[in-house]
Amino acid sequence: TDGKIYRASTTAPVNIAVIKYWGKRDPSLNLPTNSSLSVTLSQSDLRTHTTASCSSSFSTDSLLLNGSPQDVSGGRTQACFRELRSLRATLEHQDQSLPKLALLPLKLVSENNFPTAAGLASSAAGFAALVRAISDLYELPANPTELSKIARQGSGSACRSLFGGYVAWEKGTASDGSDSVAYEVAPASHWPSMRALILVVSAAKKGVSSTTGMQTTVKTSTLFPARAADVVPARMREMSYAIEKRDFETFGRITMRDSNSFHATCLDTYPPIFYMNDVSRAAIRAVEAINEAAGKIVAAYTFDAGPNAVIYYLQESHSVVAGRFQEILGGVEGWREDVPATGGEKVDER
Ligand code: PMV
(Lines give C-alpha, C1' and ligand atoms only; values in the text may rest on other atoms or scores of the structure.)
Protein backbone atom coordinates (compact mmCIF):
# COMPACT_ATOMS: atom_id res chain seq x y z
CA THR A 1 0.00 0.00 0.00
CA ASP A 2 3.15 2.15 0.03
CA GLY A 3 2.11 5.07 2.19
CA LYS A 4 -1.06 5.66 0.19
CA ILE A 5 -3.87 7.15 2.30
CA TYR A 6 -7.25 5.42 2.05
CA ARG A 7 -10.20 7.46 3.31
CA ALA A 8 -13.99 7.48 3.83
CA SER A 9 -16.33 9.96 5.56
CA THR A 10 -19.80 9.62 6.99
CA THR A 11 -22.20 11.28 9.39
CA ALA A 12 -24.39 9.70 12.04
CA PRO A 13 -27.27 11.39 13.86
CA VAL A 14 -28.15 11.27 17.54
CA ASN A 15 -31.12 9.29 18.76
CA ILE A 16 -33.29 10.03 21.77
CA ALA A 17 -34.89 7.05 23.48
CA VAL A 18 -38.59 7.02 24.33
CA ILE A 19 -38.04 3.72 26.17
CA LYS A 20 -34.72 3.93 27.94
CA TYR A 21 -31.77 1.61 27.96
CA TRP A 22 -30.46 1.59 31.54
CA GLY A 23 -28.65 -1.45 32.89
CA LYS A 24 -26.12 -3.91 31.46
CA ARG A 25 -26.29 -7.65 31.90
CA ASP A 26 -22.83 -7.88 30.35
CA PRO A 27 -20.73 -4.72 30.75
CA SER A 28 -17.90 -5.78 28.43
CA LEU A 29 -20.17 -6.62 25.46
CA ASN A 30 -22.68 -3.86 26.38
CA LEU A 31 -25.57 -6.31 26.56
CA PRO A 32 -28.58 -4.58 28.11
CA THR A 33 -30.98 -5.78 30.79
CA ASN A 34 -33.93 -4.48 28.72
CA SER A 35 -34.84 -3.62 25.16
CA SER A 36 -35.22 0.06 24.23
CA LEU A 37 -36.78 2.21 21.53
CA SER A 38 -35.74 5.58 20.15
CA VAL A 39 -36.30 8.19 17.50
CA THR A 40 -33.30 9.10 15.36
CA LEU A 41 -33.15 12.86 14.94
CA SER A 42 -32.24 14.76 11.83
CA GLN A 43 -28.65 14.69 10.66
CA SER A 44 -28.63 18.37 9.87
CA ASP A 45 -28.57 19.44 13.48
CA LEU A 46 -27.29 16.97 16.04
CA ARG A 47 -24.75 14.74 14.41
CA THR A 48 -21.18 13.50 14.33
CA HIS A 49 -19.16 13.75 11.13
CA THR A 50 -16.27 11.28 10.99
CA THR A 51 -13.51 10.67 8.48
CA ALA A 52 -11.68 7.36 8.77
CA SER A 53 -8.38 6.85 7.02
CA CYS A 54 -5.64 4.27 7.10
CA SER A 55 -2.13 4.25 5.75
CA SER A 56 1.20 2.56 6.30
CA SER A 57 2.54 6.09 6.79
CA PHE A 58 0.58 6.47 10.07
CA SER A 59 2.39 5.32 13.19
CA THR A 60 -0.51 4.28 15.47
CA ASP A 61 -4.30 4.23 15.67
CA SER A 62 -5.59 7.70 16.61
CA LEU A 63 -8.84 9.59 17.14
CA LEU A 64 -9.29 13.35 17.13
CA LEU A 65 -12.64 14.59 18.51
CA ASN A 66 -13.41 18.27 17.90
CA GLY A 67 -9.68 18.83 17.50
CA SER A 68 -8.49 17.07 20.67
CA PRO A 69 -6.73 13.69 20.72
CA GLN A 70 -8.73 10.92 22.43
CA ASP A 71 -7.55 7.74 24.07
CA VAL A 72 -8.27 4.82 21.74
CA SER A 73 -6.81 2.15 24.03
CA GLY A 74 -10.10 1.64 25.92
CA GLY A 75 -11.93 -1.66 25.57
CA ARG A 76 -14.94 -0.15 23.77
CA THR A 77 -13.02 1.50 20.94
CA GLN A 78 -10.67 -1.47 20.68
CA ALA A 79 -13.64 -3.85 20.34
CA CYS A 80 -14.99 -1.81 17.39
CA PHE A 81 -11.56 -1.68 15.70
CA ARG A 82 -11.00 -5.40 16.24
CA GLU A 83 -14.37 -6.50 14.80
CA LEU A 84 -14.13 -4.24 11.75
CA ARG A 85 -10.52 -5.27 11.05
CA SER A 86 -11.45 -8.92 11.27
CA LEU A 87 -14.27 -8.43 8.71
CA ARG A 88 -11.82 -6.63 6.41
CA ALA A 89 -9.23 -9.39 6.87
CA THR A 90 -11.82 -11.97 5.81
CA LEU A 91 -12.55 -9.97 2.64
CA GLU A 92 -8.84 -9.66 1.88
CA HIS A 93 -8.43 -13.38 2.39
CA GLN A 94 -11.27 -14.11 -0.07
CA ASP A 95 -10.01 -11.65 -2.67
CA GLN A 96 -6.23 -11.46 -2.81
CA SER A 97 -6.36 -8.49 -5.22
CA LEU A 98 -7.73 -6.18 -2.50
CA PRO A 99 -5.30 -3.75 -0.85
CA LYS A 100 -4.22 -5.01 2.58
CA LEU A 101 -5.84 -2.41 4.83
CA ALA A 102 -6.81 -4.50 7.87
CA LEU A 103 -3.41 -4.20 9.53
CA LEU A 104 -2.75 -0.53 8.76
CA PRO A 105 -3.01 2.08 11.53
CA LEU A 106 -6.34 3.93 11.55
CA LYS A 107 -6.76 7.68 11.88
CA LEU A 108 -10.22 8.99 12.83
CA VAL A 109 -11.21 12.61 12.77
CA SER A 110 -14.63 13.41 14.31
CA GLU A 111 -16.59 16.59 14.76
CA ASN A 112 -19.74 16.89 16.90
CA ASN A 113 -21.95 19.87 16.20
CA PHE A 114 -23.46 19.69 19.72
CA PRO A 115 -22.17 19.40 23.31
CA THR A 116 -20.25 16.19 24.01
CA ALA A 117 -21.19 13.96 26.98
CA ALA A 118 -23.90 16.31 28.23
CA GLY A 119 -26.65 13.69 28.03
CA LEU A 120 -27.43 14.49 24.41
CA ALA A 121 -26.51 11.07 23.05
CA SER A 122 -23.11 12.19 21.80
CA SER A 123 -21.61 8.73 22.27
CA ALA A 124 -24.46 7.25 20.22
CA ALA A 125 -23.76 9.42 17.19
CA GLY A 126 -20.01 9.15 17.81
CA PHE A 127 -19.71 5.37 17.78
CA ALA A 128 -22.28 4.97 14.99
CA ALA A 129 -20.25 7.34 12.80
CA LEU A 130 -16.95 5.71 13.77
CA VAL A 131 -18.19 2.22 12.90
CA ARG A 132 -19.81 3.25 9.63
CA ALA A 133 -16.82 5.33 8.52
CA ILE A 134 -14.44 2.41 9.05
CA SER A 135 -16.89 0.00 7.43
CA ASP A 136 -17.04 2.30 4.37
CA LEU A 137 -13.26 2.65 4.35
CA TYR A 138 -12.95 -1.15 4.35
CA GLU A 139 -15.78 -1.48 1.80
CA LEU A 140 -17.48 -4.06 4.02
CA PRO A 141 -20.71 -5.53 2.70
CA ALA A 142 -22.19 -5.25 6.24
CA ASN A 143 -25.81 -4.08 6.62
CA PRO A 144 -26.94 -1.68 9.40
CA THR A 145 -28.06 -4.56 11.63
CA GLU A 146 -24.61 -6.15 11.50
CA LEU A 147 -22.95 -2.78 12.06
CA SER A 148 -25.32 -2.16 15.00
CA LYS A 149 -23.80 -5.18 16.75
CA ILE A 150 -20.35 -3.60 16.47
CA ALA A 151 -21.44 -0.06 17.38
CA ARG A 152 -23.25 -1.47 20.43
CA GLN A 153 -19.89 -2.53 21.83
CA GLY A 154 -18.69 1.07 21.58
CA SER A 155 -21.73 2.56 23.30
CA GLY A 156 -24.99 0.69 23.79
CA SER A 157 -27.25 3.42 22.43
CA ALA A 158 -25.02 3.81 19.34
CA CYS A 159 -26.55 0.69 17.78
CA ARG A 160 -29.82 2.63 17.35
CA SER A 161 -28.14 5.51 15.44
CA LEU A 162 -27.41 3.26 12.44
CA PHE A 163 -31.06 3.50 11.43
CA GLY A 164 -33.29 6.47 10.74
CA GLY A 165 -36.84 6.92 12.04
CA TYR A 166 -38.17 4.74 14.89
CA VAL A 167 -35.66 2.17 16.05
CA ALA A 168 -35.75 -0.65 18.57
CA TRP A 169 -32.78 -2.33 20.17
CA GLU A 170 -33.70 -5.90 20.98
CA LYS A 171 -31.89 -6.94 24.12
CA GLY A 172 -31.44 -10.51 22.86
CA THR A 173 -30.72 -13.57 24.98
CA ALA A 174 -27.44 -14.96 23.57
CA SER A 175 -24.42 -14.60 25.85
CA ASP A 176 -22.16 -13.65 22.90
CA GLY A 177 -24.43 -10.72 21.95
CA SER A 178 -25.18 -12.10 18.49
CA ASP A 179 -28.90 -11.29 18.82
CA SER A 180 -28.56 -7.95 20.64
CA VAL A 181 -29.17 -5.76 17.58
CA ALA A 182 -31.07 -2.70 16.43
CA TYR A 183 -33.82 -2.77 13.82
CA GLU A 184 -36.17 -0.26 12.24
CA VAL A 185 -39.68 -0.17 13.73
CA ALA A 186 -40.89 2.41 11.18
CA PRO A 187 -39.15 4.82 8.83
CA ALA A 188 -39.27 8.58 9.50
CA SER A 189 -41.70 8.94 6.57
CA HIS A 190 -44.26 6.82 8.41
CA TRP A 191 -45.09 9.73 10.76
CA PRO A 192 -44.06 12.91 8.93
CA SER A 193 -45.58 15.33 11.45
CA MET A 194 -43.38 14.17 14.38
CA ARG A 195 -41.21 16.95 15.83
CA ALA A 196 -38.66 17.18 18.64
CA LEU A 197 -37.79 20.30 20.59
CA ILE A 198 -34.37 20.00 22.17
CA LEU A 199 -33.70 22.21 25.17
CA VAL A 200 -30.03 22.50 26.05
CA VAL A 201 -30.45 23.17 29.75
CA SER A 202 -26.76 22.73 30.38
CA ALA A 203 -23.93 21.93 27.98
CA ALA A 204 -21.70 20.84 30.88
CA LYS A 205 -20.49 17.23 31.01
CA LYS A 206 -22.72 14.92 33.02
CA GLY A 207 -21.78 14.20 36.63
CA VAL A 208 -22.13 10.42 36.58
CA SER A 209 -21.25 8.56 33.38
CA SER A 210 -23.95 6.27 32.04
CA THR A 211 -21.71 3.22 32.49
CA THR A 212 -21.03 3.93 36.17
CA GLY A 213 -24.63 4.99 36.78
CA MET A 214 -26.10 1.86 35.21
CA GLN A 215 -23.83 -0.45 37.13
CA THR A 216 -24.75 1.15 40.46
CA THR A 217 -28.46 1.12 39.61
CA VAL A 218 -28.39 -2.58 38.70
CA LYS A 219 -26.58 -3.35 41.97
CA THR A 220 -28.63 -1.24 44.36
CA SER A 221 -32.05 -0.11 43.07
CA THR A 222 -34.98 -2.11 44.40
CA LEU A 223 -37.25 -0.60 41.70
CA PHE A 224 -34.96 -1.74 38.92
CA PRO A 225 -35.78 -5.49 38.69
CA ALA A 226 -39.49 -4.83 38.04
CA ARG A 227 -38.67 -2.20 35.45
CA ALA A 228 -36.41 -4.56 33.52
CA ALA A 229 -38.55 -7.68 33.84
CA ASP A 230 -42.11 -6.39 33.44
CA VAL A 231 -42.50 -2.66 32.88
CA VAL A 232 -40.27 -2.25 29.84
CA PRO A 233 -41.35 -5.41 27.93
CA ALA A 234 -45.01 -4.31 28.14
CA ARG A 235 -44.08 -0.78 27.06
CA MET A 236 -42.06 -2.04 24.08
CA ARG A 237 -45.17 -3.79 22.74
CA GLU A 238 -47.48 -0.85 23.46
CA MET A 239 -45.05 1.68 21.98
CA SER A 240 -44.49 -0.28 18.76
CA TYR A 241 -48.27 -0.45 18.32
CA ALA A 242 -48.68 3.29 19.05
CA ILE A 243 -46.07 4.09 16.39
CA GLU A 244 -47.72 1.76 13.90
CA LYS A 245 -51.10 3.47 14.53
CA ARG A 246 -49.57 6.99 14.76
CA ASP A 247 -51.29 7.28 18.15
CA PHE A 248 -49.55 10.31 19.69
CA GLU A 249 -51.39 10.14 23.01
CA THR A 250 -50.10 6.63 23.71
CA PHE A 251 -46.66 7.48 22.28
CA GLY A 252 -46.48 10.56 24.54
CA ARG A 253 -47.79 8.89 27.68
CA ILE A 254 -45.33 5.99 27.45
CA THR A 255 -42.46 8.36 26.61
CA MET A 256 -43.08 10.49 29.72
CA ARG A 257 -43.72 7.54 32.01
CA ASP A 258 -40.64 5.71 30.85
CA SER A 259 -38.46 8.78 31.36
CA ASN A 260 -39.95 9.13 34.85
CA SER A 261 -39.38 5.43 35.56
CA PHE A 262 -35.73 5.63 34.47
CA HIS A 263 -35.08 8.73 36.63
CA ALA A 264 -36.92 7.06 39.54
CA THR A 265 -34.50 4.12 39.39
CA CYS A 266 -31.66 6.68 39.37
CA LEU A 267 -33.01 8.31 42.52
CA ASP A 268 -33.50 4.82 43.98
CA THR A 269 -29.84 4.01 43.26
CA TYR A 270 -27.63 4.17 46.35
CA PRO A 271 -25.94 6.62 46.50
CA PRO A 272 -28.65 8.37 44.46
CA ILE A 273 -28.06 9.79 40.99
CA PHE A 274 -29.70 13.08 39.93
CA TYR A 275 -29.68 13.92 36.26
CA MET A 276 -32.56 16.40 36.16
CA ASN A 277 -32.32 19.88 37.66
CA ASP A 278 -34.75 22.73 38.41
CA VAL A 279 -34.94 23.79 34.76
CA SER A 280 -35.67 20.16 33.79
CA ARG A 281 -38.51 20.08 36.30
CA ALA A 282 -39.83 23.41 34.97
CA ALA A 283 -39.90 21.81 31.50
CA ILE A 284 -41.96 18.91 32.89
CA ARG A 285 -44.43 21.33 34.47
CA ALA A 286 -44.66 23.28 31.19
CA VAL A 287 -45.54 20.06 29.32
CA GLU A 288 -48.11 19.20 32.01
CA ALA A 289 -49.70 22.63 31.57
CA ILE A 290 -49.74 22.33 27.76
CA ASN A 291 -51.44 18.94 27.94
CA GLU A 292 -53.92 20.11 30.55
CA ALA A 293 -54.89 23.12 28.42
CA ALA A 294 -55.25 20.90 25.34
CA GLY A 295 -57.33 18.34 27.22
CA LYS A 296 -55.13 15.57 25.81
CA ILE A 297 -51.47 14.64 25.42
CA VAL A 298 -50.00 16.82 22.68
CA ALA A 299 -46.46 17.11 24.07
CA ALA A 300 -44.17 14.57 25.76
CA TYR A 301 -40.90 15.17 27.61
CA THR A 302 -37.99 12.83 28.00
CA PHE A 303 -34.58 13.18 29.69
CA ASP A 304 -31.43 11.08 29.28
CA ALA A 305 -28.45 11.02 31.63
CA GLY A 306 -28.41 14.81 31.94
CA PRO A 307 -30.72 17.80 32.53
CA ASN A 308 -31.47 18.52 28.85
CA ALA A 309 -35.07 18.04 27.77
CA VAL A 310 -36.36 16.65 24.52
CA ILE A 311 -40.03 17.38 23.88
CA TYR A 312 -41.82 15.32 21.24
CA TYR A 313 -44.97 16.76 19.64
CA LEU A 314 -46.75 16.81 16.28
CA GLN A 315 -46.45 19.63 13.78
CA GLU A 316 -50.11 20.58 14.28
CA SER A 317 -49.36 21.34 17.96
CA HIS A 318 -46.37 23.53 17.14
CA SER A 319 -47.85 26.82 18.29
CA VAL A 320 -49.17 25.58 21.66
CA VAL A 321 -45.92 23.76 22.44
CA ALA A 322 -43.40 26.32 21.23
CA GLY A 323 -45.56 29.18 22.58
CA ARG A 324 -45.62 27.83 26.12
CA PHE A 325 -41.94 27.00 26.03
CA GLN A 326 -41.04 30.61 25.25
CA GLU A 327 -41.81 31.19 28.93
CA ILE A 328 -39.04 28.95 30.22
CA LEU A 329 -36.55 29.45 27.42
CA GLY A 330 -34.87 32.21 29.40
CA GLY A 331 -33.46 29.49 31.67
CA VAL A 332 -31.88 27.38 28.93
CA GLU A 333 -28.61 27.76 27.06
CA GLY A 334 -30.06 26.95 23.66
CA TRP A 335 -32.80 25.13 21.87
CA ARG A 336 -33.68 23.83 18.46
CA GLU A 337 -36.46 22.06 16.71
CA ASP A 338 -35.73 18.86 14.88
CA VAL A 339 -37.45 16.16 12.83
CA PRO A 340 -36.84 12.42 12.73
CA ALA A 341 -34.09 11.53 10.29
CA THR A 342 -34.07 9.17 7.40
CA GLY A 343 -31.30 6.54 7.40
CA GLY A 344 -27.64 7.45 7.62
CA GLU A 345 -25.82 8.42 4.50
CA LYS A 346 -22.40 8.14 3.01
CA VAL A 347 -20.94 11.60 2.57
CA ASP A 348 -18.16 10.90 0.16
CA GLU A 349 -16.21 8.00 -1.20
CA ARG A 350 -12.56 7.45 -0.66
O1 PMV B 1 -25.20 4.42 25.28
P2 PMV B 1 -24.89 4.91 26.69
O3 PMV B 1 -24.03 3.96 27.42
O4 PMV B 1 -24.38 6.32 26.70
O5 PMV B 1 -26.27 4.93 27.49
C6 PMV B 1 -27.35 5.77 27.18
C7 PMV B 1 -28.44 5.69 28.19
C8 PMV B 1 -29.58 6.68 28.00
O9 PMV B 1 -29.26 7.69 27.09
C10 PMV B 1 -29.88 7.33 29.34
C11 PMV B 1 -30.86 5.96 27.56
C12 PMV B 1 -30.91 5.53 26.11
O13 PMV B 1 -31.58 4.53 25.86
O14 PMV B 1 -30.35 6.21 25.24
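Numbers below:
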| read-out | value |
| --- | --- |
| Selection from the stretch 253-312 of residues that are among the charged types (D, E, K, R) and under 22 Å from the mean Cα position of the chain (by Cα) | Arg253, Arg257, Asp258, Asp304 |
| Candidates Ala283, Ala289 - the one that is under 15 Å from Thr302 (Cβ atoms), at pLDDT below 95 and more than 16 Å from the ligand (Cβ to nearest atom) | Ala283 |
| Strands (runs of 3 or more DSSP E) wholly inside the stretch 85-189 containing at least 1 residues that are modelled with pLDDT under 95 and farther than 26 Å from Leu31 by Cα | 106-112 |
| The lone exception for Trp335 - which of (1) part of a strand (DSSP E or B); (2) modelled with pLDDT of 90 or more it fails | (2) |
| Tally of residues being within 17 Å of Val167 (Cβ to Cβ) and assigned to a helix (DSSP H, G or I) across the stretch 234-252 | 11 |
| Of all residues making up the stretch 243-298, the number that are of a type outside the set (Lys, Arg) and on the phi > 0 side of the Ramachandran plot | 1 |
| Cross-chain or 6+ apart pairs with Cβ under 7 Å, the stretch 88-104 first and of a type in the set (Asp, Glu), then modelled with pLDDT of 95 or more | Glu92/Leu98; Glu92/Lys100; Glu92/Ala102 |
| Residue among Arg195, Arg152, Arg160 that is more than 16 Å from the ligand (Cβ to nearest atom) and surrounded by 18 or more Cβ atoms within 10 Å (Cβ to Cβ) | Arg195 |
| Pair list, Cβ under 6 Å, 6 or more apart: the stretch 265-276 residue assigned to a loop (DSSP other than H, G, I, E, B), other residue surrounded by fewer than 15 Cβ atoms within 10 Å (Cβ to Cβ) | Thr269/Thr220; Tyr270/Thr220 |
| Extreme residue, nearest to Asn30 (Cα to Cα), among residues of the stretch 203-238 that are buried (at least 18 other Cβ atoms within 10 Å of the Cβ) and of a type in the set (Ser, Thr, Tyr) | Ser210 |
| Checklist (1) within 13 Å of the chain's Cα centre (by Cα); (2) not assigned by TED's automatic domain parsing to the domain that holds Gln315 applied to Ser210, failing item | (2) |
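The values are calculated or read from the model by the stated rules, or taken from the named source; none is laboratory data. All of these numbers come straight from a predicted model, not from anything done at the bench. Ideal geometry is used to build each Cβ from the backbone, glycine not excepted, and the neighbour counts take in all protein chains shown.
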